[in-house]
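Just below is one structure, and these are the notes that go with it.
The values are calculated or read from the model by the stated rules, or taken from the named source; none is laboratory data. From a predicted model like this one, the values you see are computed outputs, not experimental measurements. Calculation scope for accessible area: heavy atoms of the full protein, side chains included, ligands and nucleic acids excluded. Shrake-Rupley method; radii C 1.70, N 1.55, O 1.52, S 1.80 Å.
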Amino acid sequence: MSITEKRPLGRTGLQATLIGFGALEIGRDWGVGSAAERERPAEARAGETLRCVLDLGVNLVDTASAYHRSEERIGRFIADRRREYILATKCGEHNREPETYYDFSYEAIRRSIAGSLRLLRTDMIDILQIHFGPDPGRVLDDGGCLRAMKEAQAAGQVKFLGASVNGPVLSRCIASGDFDVVQVGYSLLDPGEEGNIAEAGRRGIGVLVRSGLGGGWLTASALRVRKEERPPRVNTLLELCGGDASLVTSLALHFLARNAAVGSVLVGSKSCDNVRSAISVLEQDADRGLMERAVRAMKDAPPH
C-alpha cells in the first residue's frame, strides 16, 4: 500500500490519499501527555509541518474554525500550494480563544464561511462540514446551518457539503441526501460505526475518519501515561502486542485501511513525524493473525 495511491471520496470525484492531515494540533492545544506535550507548536514549526505534509504527498488537509489558529496558519503557510490539496473545514463550532462556542444559526454560519475563506486565503473550500455539538438533531431540525451552507455552495464558495458527527444523527445525515461526505470517529479501539460507514459507501458518500489512532492512545504517546491512567482497551492492545506501541499503531492503521468505504484517515501531528510514520507503517504488510486477535479482543472488551 502506498501514499501515492488515492481513494475516491464517494461520488464527489475527489481522489484523496489514504492518509490525510488533521490540522487540529497545529492550531490548538491538544493531545495525550503533559501540558507541554499538548501545547500547539510555535509559528515556524507549524509552517514546517504543513509544508512537510504536502512534500510527503498527502493531498487532504482537514481543519475547522474551532481549531483556533489552524485555519490562519494553513492560509499563511500553504495557500500558495492550494492546488496540491483537498481543503476541508468545518462550521458551527467557533473560535473564541482559549475556548470555543457553538452557534448554528443562519447568520453565524454565513459569517463563519466568510471568515474561513479569508483565513485560509482561498476562494473555494472543497468540503465544508457541520461541526456538530451537543444537540446535533436540533441543528438539522432548525435548518439554518444547512441553508447557509447550500447558499455558499450555490455561490461557488464551497464544492461539497459534509457532516462531522457520530451516532444516530450520522445515520440521519447519510440517509438525508444532503451530504456528500461524512467525517466519522472510528478506530480499532472504537469500531462501532462500521455499519454507518458501510451504508455511506453504498450511497456514494465519501468517508473521512477522525480519531483513527484513538486521539493518540494508539501511538507511542500512550506509553508516556501510567498504565492505571490509560483506558483499559488501550492496555489490552498493548499487552496483545507485547508492549510495542509501534505495533499497536500498525494494527490501528491497517484496520482502517482494509475498510474499502474509508476514503481518507486523518492523522494529526504537531510535527511531520506522526504523518511520516503512518505512511511508513502502511507501506508494510500487517500481521493478519495478530490483527484478527486484536479485533476479537476489542469486541470482547468492555465499552470503556
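Table for the structure above
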quantity	calculated
Over 36 Å [Cα-Cα, the chain], rounded percent	12 percent
Per principal axis, descending, Cα span of the stretch 245-304 in whole Å	35, 26, 25
For the chain: lysine pairs under 22 Å (alpha-carbon distance), excluding those fewer than 8 apart on one chain	6
Of ARG111, ARG276, ARG40, the one that fluctuates the most in a GNM where the chain has Cα springs shorter than 10 Å	ARG111
Diffusion coefficient, µm² s⁻¹, Stokes-Einstein with Kirkwood Rh over alpha-carbon pairs of the stretch 10-107 at 10 °C and 1.306 mPa s	111 µm²/s
Nearest-ten-degree value, helix 288-300 long axis tilted from longest Cα axis of the chain	70 degrees
The chain, relative contact order in percent, only Cα pairs under 8 angstrom and at least six apart counted	21 percent
Protein accessible area in the chain, 1.4 Å probe - carbon and sulfur %	47 percent
The stretch 62-164 shape via C-alpha gyration tensor axes, a/c threshold 1.5	oblate
Beta bridge orientation in the chain: antiparallel %, DSSP, nearest 5	20 percent
Amide H within-cut-off set for HIS94, under 5 Å, with H built and near neighbours excluded	TYR101, TYR102, ASP103
Choice from LYS270, LYS227, LYS159 with maximal GNM fluctuation in the chain (Cα, 10 Å cutoff)	LYS227
Residue with peak Gaussian network fluctuation, the chain [Cα springs, cutoff 10 Å], from ARG118, ARG226, ARG288	ARG226
